Amino acid sequence: MAVDIALAAVPQWSPFQPPLSLPSLAAWLRRAGFSCSVHDENIRLYDFLLSREAAGILLSGSQQSASPSDQQDPELEAARDGVRCWRDYRADLEALLAWHDQPFEALVKNRAGLLRDTYRAVNSLDGYLNFVSDLSPDFKITSHDFEIAGGTLNRETVDRFIDNCPPVLAAFVESAVDRLLENRPRMVGLSCIGQEQLLFTLLFGKAIKARADVPVIVGGTVFSRIFERGALPLDWMSRYIDVVVRNEGEKPLENLLSLAHFNKADLAGISGLVYADQGEIRATAPEKPLTPQEIPSPVFDDLVGNPYFSPQLTFPLLSSRGCYWGHCEFCHHGMVYGEKYAGYSSSSVIDTINLQKQKHDAVFFAFNDEAIPPKIFRQLGQEIDPGDTQFFTGLMKFEKYYTAEDFRHGHAIGFRSLYVGLESASERVLELMRKNTPRPVMTGNLRDAALAGIWMHCFLFFGFPGETEAEAQETIDFILSHADDIGSFGAGTFALEHNAPIMKKLERFGLELVEGESDEIDVYYEYNVGQGNTRQDAHRHLEELKSKAFDVPKYMSTNWIPREHLLILLALFDSAELAEHCTGLSQTRDVRIFPRFADEMSWRVHTHEGAARLRVINRLNASVVDLDGASAELVKIFAENDAPPEELYQLAPWIAEGLSSATAVRVAMHQSDKVI
């Protein structure tokens, strides 16, 4: 059956949770009378990489392209063996997916098993993607990032990558385009909300245009910012895409679909578009931001059957559009809403929650707001029945408005984690950022939330222009000294993004743009600072914090947990229990060694100077150990008899050093023959 539009979320994005943008857009278009199919091609990419077809392509390409010296390279050799074991990696992910259909009561009853399966699956996925990246010199992929060799985004490198797409990605794109075109859509819409998705957006667009005479419409902020930077290549608007939708896509896409025929002469009458006509790129005025009252509840029907790598699905939702604060110098996030803010009513938020509970037995919800408005947070705590079973996470801003009672009510209705932009612990730096958070408000909110049982995750970064050595140290000390109230943290360094308010105040902040290449299309700018910490200083402070945080047991034991999984685990364990159980996992050195390597071989054992040689891959951290003689025989016996790893470690601690997931390193280790 033909549809009006096929909507697709393209890689790379989180494989742990459905996106919100397309279910929201689909609800709007269907209400307007248009038919659409919705595809999460991001999760399908990860699913594809864990397949026989992808493994075969990777191994074939690695063997054909490798020089004689590469053929003997220990890391490449180890990566080939790792990819040959794709079935075992997939089995770890399928053990996690097996929890999808379990009722919440079963999760509670078997929480230790769920934690173990989550730990194994997350680390196993990371390990496998390491091996995939090792066999793919043109790109690197993780569960949270995708970049091409060199990491530079300019016309030459991007076009070269698109024209010479790696075979494993080309095979995936072809299968994805088959799905998008299956129902003969009049248009195809691609969602590109992060720069990590830029390359796949172009790959999809090129493949669609090669297969069908269908307009390719791109939404999200990435292409809009490239256009506003003046760097959107004219020929992209014919080779890869036809229209870029600026800001919110609901009304522009509805108006596009209302056209009897796609004709560029008619595009000038539709707000919020960028397109090429008569040899130049043109843009219409942005569409007026939508109000919450206009927006229907998102429809996840097309996505809930996808194999998201999580024990249960977490459904994203909004309680506001835009940011209620909206002053931070470094942030561009309000762009998609036209820099406007509007909050939903608490009753409409509750209606959306109840709808997903009724349709999909939803239990877990993530607020995707820039920051949940304090008023809404308080109202939800007062209006949702504490006896209902649901759990929430979301982003917040430190506010003096919050009381200890607000956090207690939040926990009572199901809030188990909150993510807050600490950014810096220095009040002076926060004033420079226009964040303006007094230290007592930060410590008070953290303390009250922690006492209520809510896990607090702090975002922060070093190197905001003007930050001093002492102020960076202040932030490091704050994170380390408040570990009782801070559950976890995510740290980075300052990035100068297009559309951030600071871009209009470069001189005031002592920033000087580094002259880039004329064909640069990155939405981030290179820069030098005239005062305070340099970019090198910022990276040094980041590494210092990461190093010192390893001495904080809670930080160290839980740093593997993705945001999308943390909520589910905190619904089963309180904060202290979760940290304790995660510490137990690392201390027992839960090792996943492969029961078999390829086809029907149980182990890869070679004769080496009269002794057995064994290659063992730990799929929790992708470490590779080559063992000889007695060590090889010992590991083989333990693996074949499914013996506890702890006993192996007691007998042969040198083997544990190579195999243990606690080492968190990826190296090819060679152990000489040892006598036990």
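Residues that are small (Gly, Ala, Ser) and out of contact with any helix residue (DSSP H, G or I) (no Cβ under 6 Å at 6 or more places or on another chain) within region 256-297 comprise SER258, ALA260, ALA265, ALA268, GLY269, SER271, GLY279, ALA283, ALA285, listed in sequence order. How about region 548-589: which of its residues are among the hydroxyl-bearing types (Ser, Thr, Tyr) and in contact with a Gly (Cβ under 7 Å, 6 or more places away or on another chain)? Passing the criteria: only SER575. The requirement of being touching a His at 6+ places or on another chain (Cβ under 9 Å) and assigned to a loop (DSSP other than H, G, I, E, B) is satisfied by VAL304. Evaluated against (1) surrounded by fewer than 23 Cβ atoms within 10 Å (Cβ to Cβ); (2) on the phi < 0 side of the Ramachandran plot, ARG184 falls short on exactly one condition, (2).
Note on region 153-181: among residues that are in contact (Cβ under 8 Å) with a residue 24 or more places away in the chain and polar (S, T, N, Q), the one that is surrounded by the fewest Cβ atoms within 10 Å (Cβ to Cβ) is ASN164.
Apart from one condition, LEU107 fits all of (1) at pLDDT 95 or above; (2) surrounded by fewer than 23 Cβ atoms within 10 Å (Cβ to Cβ); (3) in contact with a strand residue (DSSP E or B) (Cβ under 9 Å, 6 or more places away or on another chain); the exception is (3).
Scanning region 393-444 for residues that are surrounded by 15 or more Cβ atoms within 10 Å (Cβ to Cβ), closer than 20 Å to TYR324 by Cα and among the aromatic types (Phe, Trp, Tyr) yields PHE398, TYR402, PHE407, TYR419. Kindly establish whether LEU125 is assigned by TED's automatic domain parsing to the domain that holds SER258, of a type in the set (A, V, I, L, M), under 30 Å from SER623 (Cα atoms) and under 20 Å from the mean Cα position of the chain (by Cα). When the stated conditions are applied, LEU125 does not pass them.
Here is the figure for region 465-520: residues that are more than 30 Å from ASP574 (Cβ to Cβ), assigned to a helix (DSSP H, G or I) and under 27 Å from the mean Cα position of the chain (by Cα) total 4.
Residues SER51, SER37, SER65: which one is surrounded by fewer than 20 Cβ atoms within 10 Å (Cβ to Cβ), modelled with pLDDT under 95 and more than 12 Å from LEU129 (Cα to Cα)? That would be SER65, the only listed residue that is surrounded by fewer than 20 Cβ atoms within 10 Å (Cβ to Cβ), modelled with pLDDT under 95 and more than 12 Å from LEU129 (Cα to Cα).
Tell me the strands (runs of 3 or more DSSP E) entirely within region 141-255 that contain at least 1 residues that are among the hydroxyl-bearing types (Ser, Thr, Tyr) and within 30 Å of GLU294 (Cα to Cα).
Working: elements: 146-148, 187-191, 216-219, 243-245.
It comes to 187-191.
For region 336-359, filtering for residues that are out of contact with any strand residue (DSSP E or B) (no Cβ under 7 Å at 6 or more places or on another chain) and touching a residue at least 40 places away in the same chain (Cβ under 8 Å) leaves 8. Among the residues of region 9-39, the ones that are within 19 Å of GLU250 (Cβ to Cβ) and under 17 Å from the mean Cα position of the chain (by Cα) come to 6 in all.
So is SER133 surrounded by 15 or more Cβ atoms within 10 Å (Cβ to Cβ) and under 19 Å from LEU59 (Cβ atoms) or not?
yes
Residues in region 74-98 that are at pLDDT 95 or above and surrounded by fewer than 19 Cβ atoms within 10 Å (Cβ to Cβ): GLU94, ALA95, LEU97, ALA98. Quick one: in region 455-477, which of the residues that are crowded, with 24+ Cβ neighbours inside 10 Å and aliphatic (A, V, I, L, M) is farthest from ALA500 (Cα to Cα)? Among those that are crowded, with 24+ Cβ neighbours inside 10 Å and aliphatic (A, V, I, L, M), it is MET456. Where residues in region 400-449 are among the basic types (Lys, Arg) and part of a helix (DSSP H, G or I), which of them is farthest from ALA371 (Cα to Cα)? Per the criteria, the residue is ARG428. Tell me yes or no: at least one residue of region 322-337 is closer than 30 Å to THR437 by Cβ and in contact with a Cys (Cβ under 7 Å, 6 or more places away or on another chain). Yes, the conditions are met somewhere in region 322-337. Checked against the criterion of being among the aromatic types (Phe, Trp, Tyr) and under 23 Å from the mean Cα position of the chain (by Cα), the candidates PHE262, PHE227, PHE223 yield just one match: PHE223.
Considering PRO233, PRO252, which residue is at pLDDT 95 or above and either surrounded by 16 or more Cβ atoms within 10 Å (Cβ to Cβ) or closer than 21 Å to TYR525 by Cβ (or both)?
Exactly one of PRO233, PRO252 is at pLDDT 95 or above and either surrounded by 16 or more Cβ atoms within 10 Å (Cβ to Cβ) or closer than 21 Å to TYR525 by Cβ (or both), namely PRO252.
Here's the yes/no breakdown for (1) basic (Lys, Arg); (2) within 27 Å of THR583 (Cα to Cα); (3) free of Cβ contacts under 8 Å to residues at least 12 places away in the same chain:
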{"residue": "PRO386", "(1), (2), (3)": "no, no, no"}
{"residue": "GLY394", "(1), (2), (3)": "no, yes, no"}
{"residue": "ALA404", "(1), (2), (3)": "no, no, no"}
{"residue": "HIS411", "(1), (2), (3)": "no, yes, no"}
{"residue": "GLY414", "(1), (2), (3)": "no, yes, no"}
{"residue": "LYS435", "(1), (2), (3)": "yes, no, no"}
{"residue": "PRO465", "(1), (2), (3)": "no, no, no"}
{"residue": "GLU474", "(1), (2), (3)": "no, no, no"}
{"residue": "HIS482", "(1), (2), (3)": "no, yes, no"}
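The values are calculated or read from the model by the stated rules, or taken from the named source; none is laboratory data. Small disclaimer: the values here were computed from a predicted structure and weren't measured. For neighbour counting, all protein chains shown are included, and Cβ atoms are generated from backbone atoms with ideal geometry for every residue, glycine included.
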